[in-house]
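Colleague: Quick one: the structure is below, and I'll ask about it shortly.
The values are calculated or read from the model by the stated rules, or taken from the named source; none is laboratory data. Computed from a prediction, not measured in an experiment: that's the story for all the values here. Cβ placement follows ideal geometry from the backbone for every residue including glycine, while neighbour counts extend to all protein chains displayed.
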Amino acid sequence: PPYLASRRECVDLARIREAGLRVAVDTMYGAAGGLTAAAIGEGATSVHELHGERNPAFPGMRAPEPIAPNLGALMRLLEGGGHDVGLATDGDGDRFGLVDEQGRFLNQLQVFALLVRYLLEVRGERGAIVRSITTTRMVDLLGARHDCPVFETPVGFKHLGPRMIDEDAIVAGEESGGYAFRGHIAERDGVLSGLLLLDYMVQTGKPASQLLAELYDDLGPHEYDRVDVTLREEERDAIAEQAAAATPSEIAGLRVVSRDTLDGYRFTLEGGWWLLMRFSGTEPLLRIYAELPSAAQVRRAIEHGQALAGVTL
């Protein structure tokens with residue numbers, strides 16, 4: 001099929017096929033069922049698929065997102081041994097999730113940083129990088145190291161895709177787990193994201209856990225979280241007014257160095273760390289995001305964000 005043929009132009013599938021990896025894939029009853037196995041083909045690498053049958057009811061989950069609460073079966077399978085990595089795609093196959101060989105879920109910011117490092121340092125690609133406002137500063141650090149400009153957009157691939165085309169970017173990524181790559185269309189592809197991650201493991205001979213540990217050894221620890229606060233429609237204007245008026249001097253023990261409204265209300269802290277509050281474009285939610293060096297600081301920053309907006313969980 002043309003889709004699988006195009007994958008061969010983006011990644012060396014034969015190298016993956018003969019690597020002898022034991023891959024588990026959770027396609028979450030969605031459109032990507034069977035595609036990873038078909039792309040890799042028969043060889044030394046094996047693919048064990050979970051939830052490969054298509055079921056539009058997506059049983060057992062509120063929505064078919066490749067996030068930890070929905071990937072319990074995949075995480076337990078990896079914890080039990082016998083597999084080297086777990087890949088997941090969402091209902092329509094455009095978003096990607098990753099579980100390491102120990103059954104630990106890697107968040108989407110960690111995955112994006114790994115993919116960027118693979119493109120820059122293993123494949124030797126050069127060019128612009130496009131990221132949404134809610135993704136990791138690790139991408140900025142990697143871009144600066146290799147003289148690759150990083151462009152930031154509001155949330156949503158309707159912003160990332162056009163900017164990727166304008167800049168001829170090597171990659172674009174967003175916090176929800178959607179990544180697009182040069183040489184393909186400027187749109188998210190969960191199957192291709194997983195194949196590239198497999199190639200990273202094959203070319204380095206390292207499992208996902210080690211790749212992440214080395215990333216943190218190099219760039220320092222980065223912790224992240226997002227909290228969603230359900231709102232009533234009549235609360236939105238008052239919350240927006242309070243958030244817009246907030247002028248904290250420090251958050252989580254770090255000095256606030258700038259504030260902007262590219263998408264919501266962002267406070268950039270010394271060292272490039274950040275706190276962001278923004279309304280969801282699709283649901284009655286206020287989303288509060290933070291990236292800081294420690295989990296304790298992330299918790300404090302999110303609590304500070306709730307106070308600034310005048311909301312509670």
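Colleague: For a quick check of your reading of the model, give me the residue pairs whose first member lies in segment 49-63 and is more than 10 Å from G33 (Cβ to Cβ), whose second is of a type in the set (F, W, Y) and part of a loop (DSSP other than H, G, I, E, B), with beta-carbon atoms closer than 6 Å and at least 6 apart or on different chains.
Modeller: F58/Y29
Colleague: Can you pull out the residues in segment 144-160 that are in contact (Cβ under 8 Å) with a residue 12 or more places away in the chain and either crowded, with 22+ Cβ neighbours inside 10 Å or over 21 Å from Y200 (Cβ atoms) (or both)?
Modeller: Matches in segment 144-160: D147, P149, F151, E152, T153, P154, V155, G156, F157, H159, L160.
Colleague: Is it true that some residue in segment 26-35 is without any contact (Cβ under 8 Å) to a residue 40 or more places away in the chain and within 21 Å of the chain's Cα centre (by Cα)?
Modeller: Scanning segment 26-35 turns up at least one residue that is without any contact (Cβ under 8 Å) to a residue 40 or more places away in the chain and within 21 Å of the chain's Cα centre (by Cα).
Colleague: For the list (1) at negative phi; (2) surrounded by 14 or more Cβ atoms within 10 Å (Cβ to Cβ); (3) at pLDDT 95 or above, I need the number of the one condition that R15 fails.
Modeller: For R15, the exception is condition (2).
Colleague: From the list S209, S193, exactly one residue is surrounded by 24 or more Cβ atoms within 10 Å (Cβ to Cβ) and in a helix (DSSP H, G or I). Which is it?
Modeller: Unique residue meeting the criteria: S193.
Colleague: If you don't mind, another one. Within segment 296-309, does at least one residue satisfy the condition of being in a strand (DSSP E or B), touching a Leu at 6+ places or on another chain (Cβ under 9 Å), in contact (Cβ under 8 Å) with a residue 24 or more places away in the chain and of a type in the set (K, R)?
Modeller: No - not one qualifying residue is present in segment 296-309.
Colleague: A follow-up question, please. Could you tell me which numbered condition I133 fails, if it satisfies all but one of (1) farther than 18 Å from N107 by Cβ; (2) surrounded by fewer than 22 Cβ atoms within 10 Å (Cβ to Cβ)?
Modeller: Every condition holds for I133 apart from (1).
Residues checked against (1) surrounded by fewer than 22 Cβ atoms within 10 Å (Cβ to Cβ); (2) outside any loop (DSSP other than H, G, I, E, B); (3) not acidic (D, E):
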| residue | (1), (2), (3) |
| --- | --- |
| P66 | no, no, yes |
| L74 | no, yes, yes |
| G86 | no, yes, yes |
| G97 | no, yes, yes |
| Q102 | yes, no, yes |
| A113 | no, yes, yes |
| L142 | no, yes, yes |
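Colleague: Does segment 99-138 hold any residues that are basic (K, R) and touching a residue at least 12 places away in the same chain (Cβ under 8 Å), and which are they?
Modeller: Passing the criteria: R104, R117, R126, R131, R137.
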